[in-house]
1. Expected output is a single nm value to one decimal: the length gained when fully extending between K5 and K382, i.e. 0.36 nm times separation in residues minus the C-alpha distance. What is it?
2. I'd like the projected area of segment 8-263, averaged over all directions, using the convex hull of its alpha carbons. Report it in nm² with one decimal.
3. For an R0 of 25 angstrom, estimate the FRET efficiency from the Cβ-Cβ distance between K230 and L186 and round to the nearest 0.05.
4. What pairs from K216/K299; K234/K331; K232/K331; K230/K376; K306/K352 go past 25 Å between their alpha carbons?
5. Please give the contour-minus-distance gain from E170 to D344: 0.36 nm per residue of separation, less the Cα-Cα distance, rounded to one decimal in nm.
6. Just for the Cα atoms in segment 276-387, what are the lengths along the principal axes, largest first, rounded to whole Å?
7. Separation of segment 302-340 and segment 190-236 by C-alpha centroid, Å?
8. Distance from the Cα centre of segment 126-171 to that of segment 67-124, in angstrom?
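Only the coordinates and a few stated rules stand behind these numbers; no lab work does. All values reported here derive from a predicted model rather than from experimental measurement. When we count neighbours, we look across all protein chains shown, and the Cβ atoms used for this are built from the backbone with ideal geometry, even at glycine.
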Amino acid sequence: MFKKKKSQEEINEENFKKWLEEYRECIPPDYNKIQLMDDFTNPDYDWFISISNRSDGKSFNYIGFLIYFAHKSGVPFLMVCRHWTIQNAYIELIYQICDEVSCFDPSLLVIKSSDDYKLVIYDKVTVCMITDFNNASDLKYSSSLLKKFTIAVYDEFLALKNDYLPDEWERFKTIMDGVDRNHKDLPYIHTPRALLMGNAVNFDSPFIAHLKLFNKLETQPINSKRYYDKGKFKVIMEINRNDNVKEKRNSRMFGAEDDPMETAQFKINSTFIIDDDDLQAVKARAKFFYIKTRENMLKVLYNREKGYIVLSVEVDSGQDYDFCTETSDIKKGVRFMNEFFYDDEHHKKYTKGLFLFENSYSKNTIVDDPQYSSIKIHKCIKIHDLEHRDPMPFREIVYQENTVADIKRNLFRKFMQG
């Protein structure tokens with residue numbers, strides 16, 4: 001009997017699993033075992049997200065494996081960061097990985113620098129490119145090189161509130177547009193993919209907003225891996241709390257035992273946040289509209305019958321809108337919100353529970369940002385409700401027409417009878 005010859009795809013899959021197990025043998029038992037890599041060759045996933053407590057080893061081990069995989073397969077990866085100074089921190093991490101992991105020989109590591117990026121070469125194989133968001137536009141001039149780096153890694157994508165760049169998502173997308181130029185089935189990974197890593201800090205990351213993962217971050221159990229189909233976004237996310245390394249850290253100095261970055265759990269204040277069951281009940285007989293702001297969309301969902309008003313902030317929704325705050329967004333059928341739509345004292349209404357929020361991100365954004373909190377929501381609702389009244393049911397129209405006709409006939413009869 002002849003054995004059926006394996007396809008190249010089957011060979012690639014077997015090799016990937018073999019390299020993954022080889023690298024896992026180099027990971028100390030108490031540290032992150034890079035579980036997302038079990039699904040990395042699955043063509044159904046595009047976004048891979050790893051969230052954990054500090055010192056879990058996710059950055060060290062995921063980046064280490066991708067270096068190992070790139071050296072074995074010839075499929076290099078791209079590392080992006082917020083600022084060019086962090087490029088040097090990435091280089092130091094890679095040197096540390098090659099020094100400490102038995103899979104590597106640090107003498108084989110070479111770094112080449114240019115104005116827009118750094119290339120990491122291991123054993124004469126280019127395994128990684130490092131760049132920052134400031135170079136997003138300039139990298140298009142290096143598109144012939146960039147398109148080879150089909151795996152994008154963004155470490156520390158969750159940060160302190162003031163550390164985020166306002167256009168992180170757009171810059172990352174610009175870089176990925178330069179990557180996704182092959183238009184064919186890529187070896188091992190099939191399509192370009194992104195790996196995001198971070199510690200539980202807050203809900204303010206533009207990536208969390210665009211991928212619509214607010215509620216998932218609130219509800220996904222600790223030490224679990226889940227797949228989310230968000231329409232055009234296919235996401236697999238792990239949330240881990242590594243208690244082994246947590247015990248080794250001194251968290252007493254700042255009383256950080258309950259710090260989200262130590263517990264891997266986001267702090268959630270559920271006051272005025274509507275739960276999913278109530279939200280579905282409200283939606284059953286609700287109207288809604290969008291207010292286009294300078295950056296995002298404010299969705300207003302209102303149900304007069306139940307007396308609910310639910311607010312949420314959406315990004316890249318592609319929805320039509322009834323109101324806008326910027327003159328550049330004025331178009332037919334859209335009302336520009338002049339000064340009469342704002343009240344500097346309107347933010348006080350949010351403390352009275354007059355509005356509910358769909359998720360923590362929306363609550364924090366709306367309450368903390370005057371461009372949202374000063375909008376006179378009830379004024380917008382009144383205008384929208386008047387302009388979008390439900391048409392009268394046919395039976396009621398016929399009944400009213402018949403009633404008017406009867407009244408006219410009675411009046412005419414009385415008039416003729418004198």
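1. So the chain would gain 128.8 nm between K5 and K382.
2. 13.7 nm²
3. 0.65
4. Values: K216/K299 20 Å; K234/K331 33 Å; K232/K331 27 Å; K230/K376 31 Å; K306/K352 17 Å.
In this structure, K234/K331; K232/K331; K230/K376 exceed 25 Å between Cα atoms.
5. 59.5 nm
6. Principal-axis extents of segment 276-387 (Cα, largest first): 38, 27, 27 Å.
7. Each part reduced to its Cα centre gives a spacing of 27 Å.
8. Comparing the Cα centres of segment 126-171 and segment 67-124, I get a distance of 15 Å.
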